[in-house]
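Below is one structure, written out as structure tokens; comments come after it.
Just so you know, all these numbers are worked out from the coordinates, no wet-lab data involved. These numbers come from a predicted model, not from an experiment. Methodologically, a virtual Cβ is constructed for each residue, glycine included, from the backbone with ideal geometry; neighbour enumeration extends over all protein chains shown.
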Amino acid sequence: MGLRELFQDHLQTLQTETAKTLAELKLDGLVLSAGTPAWYFEDDQNPPFRSSHHFRHWCPMEGCQHVLLFIPGQKPELRLYQPADFWHEAKPFEPDFWGDSFQVQIIKEEDKLWEGLAQGRRIAYHGPEVERARKAGLLVAVEGLVPRLNWQRLVKSPYEIQCLVEATRKAAAGHKAAERAFRQGGSELDIHFAYMQAARSQEQDLPYENIIALNEKAAYLHYAAKRDEVHNGKVLLIDAGATSRGYGADITRTYATEDAPEEFQELLTDMTTLQAGLVAAITPNILMGDLHVLAHQRIAELLIRHKIILDCDAQKAIDLGLTMAFFPHGLGHMLGVFVHDVGGKQLDREGAVSAPDPRFPKLRTTRPLQPGTVVTIEPGVYFIKMLLDPIRQGPNSRNLNWALIDRLMPCGGIRIEDNIHIHDQGIRNITREFLP
């Protein structure tokens, strides 16, 4: 099936589900908008624009201030803002594969974008332009609307999976180039540029800022700097993605040279096996929280096997909080239009959420992984001084091998992340199709 047919099916499903939502809430229609650009404080420059997420779910058109109107039983109306402007190039409307799925109006005057949307009807609005929506007679902050819109995002259509596949293909090319630049002795900035060139992306198109961490900087989970003065790293942790039609891939790899401590190289090999085992443990409707618990069990066993944790079994290591010091984040999250996509804790259309696991209260995703969802699986082991020092100074200090930890501290840490599509027959590891 071609992209045009995939998108038509995607949009038809959205219309059917949204019509159901509108009927439940006694609404006549829904308006979504792309949003308006923000500006830096007291400046005439603005950060890169990204259209609002529910608008992107319906329409891949880039650019700001577009408005979409859906009335059940009617073809969705898309009002595209195309101002007459010689300062900036307005992205022209190119029907491409999706254009004939909408009633398209090209509008040059900003004020006319919002004219005649309500016409005495109960039309709900969701998006960032709340005041403009109110002035247009639309209903804002309708109770129960957002949970239902988010619910429609959980199960990915074949069109959305295709977008994620294409984003992964781009990101995988970047990761391969980044590894080559690392092994050739490149700086963090060199590695970043190699990634961007191979992924054929501009920075504003990335789903998130690339994490390019050499050596000890891999211990910072969201490390942002890209040092140009450090070369010939022994360890590289790269967390970098790419986008396709508004959908983002999210991939992490860790590499080590022969100059890295042998113990770290062995740990990296076993972490790669561990991550693959966690992916293999996924079954339809498994709870993400249960997978996270399994990750802590296997990481505990790994750290004991490598003699980093001493004199206790895996369960005791977890109970003492030792594994949390080495693996302080969640195992994964929903993936789609957002990198950390909506609905990770949602249990039904009305917005009920799963109770947090008291052991891991900050997990982004705790719901069952029903067929159709896409998640990341990203276990890690890090040597983070801020988390390890309290244990060093506390009653459980004897349970850690400080001589080995100090030897591994300059290596920063390990994270390996794949993007997984759960379906009725099992799982599809999208990442490994392009980045073995």
For every helix of n ≥ 4 consecutive DSSP H residues, a contribution of -39,500 (n - 2.57) applies; sum these over the chain, divide by its total residues, and give [θ] at 222 nm rounded to the nearest 500 deg cm²/dmol.
-> -10500 deg cm²/dmol
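According to the Kirkwood expression over distinct Cα-Cα pairs, how big is the hydrodynamic radius of region 1-102, in Å?
On the way: mean 1/r = 0.0655 Å⁻¹.
Across region 1-102, the inverse of the average 1/r is 15.3 Å.
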For residue 397 and residue 280, extending 7 Å from Cα along the Cα-Cβ vector and measuring point to point gives, in nm, a value of 4.1 nm
Determine the gain in length on full extension of the stretch residue 316-residue 74; use 0.36 nm per residue of separation and subtract their C-alpha separation, reporting nm with one decimal.
-> 81.1 nm
Under a GNM of the chain (C-alpha, springs under 10 Å), which listed residue has the highest mean-square fluctuation: 185, 330, 116?
-> 116
Placing +1 on each Lys and Arg Cβ and -1 on each Asp and Glu Cβ in the chain, then taking the dipole about the Cα centre, the residue among 366, 272, 67 whose Cα reaches farthest towards the positive end is 366
Any lysines whose Cα falls less than 16 Å from that of residue 362, other than same-chain ones fewer than 8 residues away, would be 345
Under 14 Å from the 7 Å Cα→Cβ point of residue 131, by amide nitrogen: which residues of region 8-36?
-> 36
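What FRET efficiency would be calculated for the residue pair residue 208, residue 104, taking the C-beta separation as r and a Förster radius of 30 Å, to the nearest 0.05?
Details: r = 31 Å, r/R0 = 1.04.
Efficiency for this residue pair is about 0.45.
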Where the eigenvalues come from the Cα gyration tensor of the chain, what are the semi-axes √(5λ) of the equivalent ellipsoid, largest first, in whole Å?
-> 43, 25, 19
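How high is the relative contact order of region 158-433, given as a whole-number percent (alpha carbon pairs under 8 Å, six or more residues apart)? Before the final figure, lay out each step's value.
Details: 536 pairs, mean separation 58.5, N = 276.
Rounded, it is 21 percent for region 158-433.
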Would you list which lysines come within 18 Å of residue 234, measuring only between C-alpha atoms, while excluding same-chain residues fewer than 8 positions from it?
-> 176, 217, 226
Taking neighbour Cβ counts within 10 Å as the exposure measure, how do 115, 216 sort from fewest upward?
-> 115, 216
Cross-link partners of residue 91 among lysines (Cα-Cα below 24 Å; sequence separation of 8 or more within a chain) | 75, 108, 112, 170
Computed magnitude of the charge dipole of region 3-154 (debye, nearest 20; Cβ of K, R +1, Cβ of D, E -1) | 660 debye
Between residue 269 and residue 287, what length in nm is gained on full extension when 0.36 nm per residue of separation is reduced by their alpha carbon distance?
-> 3.8 nm
